[in-house]
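See structure below.
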Amino acid sequence: MRLTMVGTGYVGLVTGACFANTGNDVTCLDIDPEKIETLKKGGCPIYEPGLTEMIVSNSHAGRLHFTTNPQEAYADADVIFICVGTPSDDRGRADLQYVFKAAEDVAEAIKSLGPNQKPKVVVVKSTVPVGTTLEVERRIRAIVGEIPFSIANNPEFLKEGAAINDFQKPDRVVCGVQSEHADGVMRALYEPFVRQGNPIYVFDVPSSEMVKYASNAMLATKISFVNEIAGLCESYGADIKRVREGMCADKRIGNQFLHPGLGYGGSCFPKDVLACISMGEDASRPAKLLSSVHEVNQDQRDSFFAKLEKHFESDGGLEGKTLAFWGIAFKPNTDDIREAPALTLMNKALAAGAKVRAYDPVAAENASKLMGSKIKLAGEMYETLNGADALVISTDWDEFKSPDYERMALAMGGHVIFDGRNLYSHERLSETPFTYYSVGRPAVEQARSPQTAG
């Protein structure tokens with residue numbers, strides 16, 4: 001089939017590249033000429049393992065194209081996927097201006113092609129509040145009149161850092177349709193990805209839209225739940241690692257998304273939880289649980305930072321101290337720093353008068369654009385530690401998981417680690433000269449000198 005992706009952000013690029021990889025002819029449309037030129041040259045504006053290689057191979061095969069020209073993108077398309085951003089506004093509501101602008105552009109293209117064209121399927125793949133896809137249909141219909149087209153909704157379930165695998169081997173595919181034509185087209189597109197037996201669910205459009213929000217809200221709830229339990233563990237001397245093991249052995253509970261830490265970040269969970277809260281407000285059905293989920297998530301960063309303040313309280317506070325951060329991205333295997341806990345902690349540290357150094361394998365460039373000269377970026381993880389008063393671990397990159405403690409101790413001016421991802425065992429840290437704070441576990445007090453560290 002001939003497909004067009006409107007938007008070359010995370011969803012548009014992954015979706016377009018994966019569909020091209022199964023033999024479809026895909027055109028990716030964007031208004032940013034610099035981004036399109038980068039893609040034409042074989043570059044990729046985002047970091048996602050395997051994506052650049054897939055873009056290059058399918059471009060060379062003539063199945064993947066990039067353009068800023070709407071007429072070129074829409075003219076021969078059988079299916080048009082709207083993959084533009086829906087950021088939260090200052091009230092937490094999804095900003096739909098880009099979705100509606102894309103819908104109007106698609107409508108003008110359909111109108112210009114006339115009544116004898118093959119009916120196009122317009123698919124809203126952006127995450128949108130319930131009712132948006134049908135509003136997109138209404139707006140297109142108002143422009144095209146009786147010219148036939150079909151509308152569909154197709155939420156994405158891509159984890160940053162594992163998006164290619166998620167798309168190619170989905171747990172499920174969800175579609176919302178209004179017609180048999182759209183039903184058949186969506187099933188045909190996704191059939192190559194579900195040959196292992198996983199289902200394609202075809203629902204009504206509102207239910208399809210709600211599935212995405214309900215899924216992300218549930219996962220966010222699990223994260224806030226375990227962080228709240230971790231806080232109780234700290235207050236009563238329990239160890240969240242052991243509590244989690246005992247709790248997750250119950251098959252009804254499982255162990256996914258029940259890892260204590262600094263809370264969720266990124267482009268999806270914060271935005272989608274806020275959107276659910278806003279939908280509740282608009283329907284006069286307050287989303288009380290999700291309001292608490294959001295509150296717990298924000299408080300988690302504050303409570304972790306309070307550990308830094310308390311530790312340095314007797315040493316004049318954080319004023320003038322140097323804090324080394326390992327990790328800036330909201331999670332490993334991505335350069336995405338949107339709503340990243342590290343940024344919250346860095347800004348709090350800077351406000352308290354501390355100096356901040358940071359290292360991240362792939363997110364440093366994005367951090368530099370956002371933070372500028374307020375922080376110093378290092379090109380290597382141990383470089384951040386020279387003379388630092390403390391290390392803050394804010395992203396669980398693999399390279400941070402088995403560090404050289406002796407090298408760390410000799411480089412740092414102070415021997416304290418604040419581990420927001422619970423990377424290290426108490427047993428191992430007790431053999432080092434570090435005081436160690438984590439989440440939901442008792443602190444490990446400094447025990448050995450740097451010279452005897454192993």
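Going through (1) surrounded by 16 or more Cβ atoms within 10 Å (Cβ to Cβ); (2) without any contact (Cβ under 8 Å) to a residue 12 or more places away in the chain one by one, Glu191 falls short only on (1).
Please find, within region 136-159, the residue that is nearest to His181 (Cα to Cα) out of those that are of a type in the set (Asp, Glu) and assigned to a loop (DSSP other than H, G, I, E, B). Applying the filter and picking the extreme gives Glu146. Of the candidates Gly263, Gly316, the single residue that is within 15 Å of Lys222 (Cα to Cα) and either in contact with a helix residue (DSSP H, G or I) (Cβ under 6 Å, 6 or more places away or on another chain) or free of Cβ contacts under 8 Å to residues at least 60 places away in the same chain (or both) is Gly263.
Summed over region 144-177, residues that are crowded, with 19+ Cβ neighbours inside 10 Å, over 27 Å from Pro119 (Cα atoms), of a type outside the set (Asp, Glu) and in contact with an Asp or Glu (Cβ under 6 Å, 6 or more places away or on another chain) total 2.
Of all residues in region 358-388, those that are surrounded by 21 or more Cβ atoms within 10 Å (Cβ to Cβ) and more than 20 Å from the chain's Cα centre (by Cα) total 5. Checking each residue in region 137-168 for being of a type outside the set (Val, Ile, Thr), touching a helix residue (DSSP H, G or I) at 6+ places or on another chain (Cβ under 7 Å) and without any contact (Cβ under 8 Å) to a residue 40 or more places away in the chain picks out Arg139, Phe149, Ser150, Lys159. Within region 114-135, residues that are in a strand (DSSP E or B) have Cβ atoms under 8 Å from residues that are at pLDDT 95 or above and surrounded by fewer than 18 Cβ atoms within 10 Å (Cβ to Cβ) in these pairs: Lys120/Asp78; Val121/Asp78; Val121/His181, counting only partners at least 6 apart in sequence or on another chain. The helices (runs of 4 or more DSSP H) falling completely within region 181-295 include none with 3 or more residues that are assigned by TED's automatic domain parsing to the domain that holds Ala152 and among the basic types (Lys, Arg). Elements of the type strands (runs of 3 or more DSSP E) sitting completely within region 324-430 and holding at least 1 residues that are more than 28 Å from Val226 (Cβ to Cβ) and basic (Lys, Arg): these cover 355-359.
The values are calculated or read from the model by the stated rules, or taken from the named source; none is laboratory data. Please read all numbers here as calculations on a predicted model, not as lab measurements. Glycine also receives a Cβ, built like all others from the backbone with ideal geometry; neighbour counts cover every protein chain displayed.
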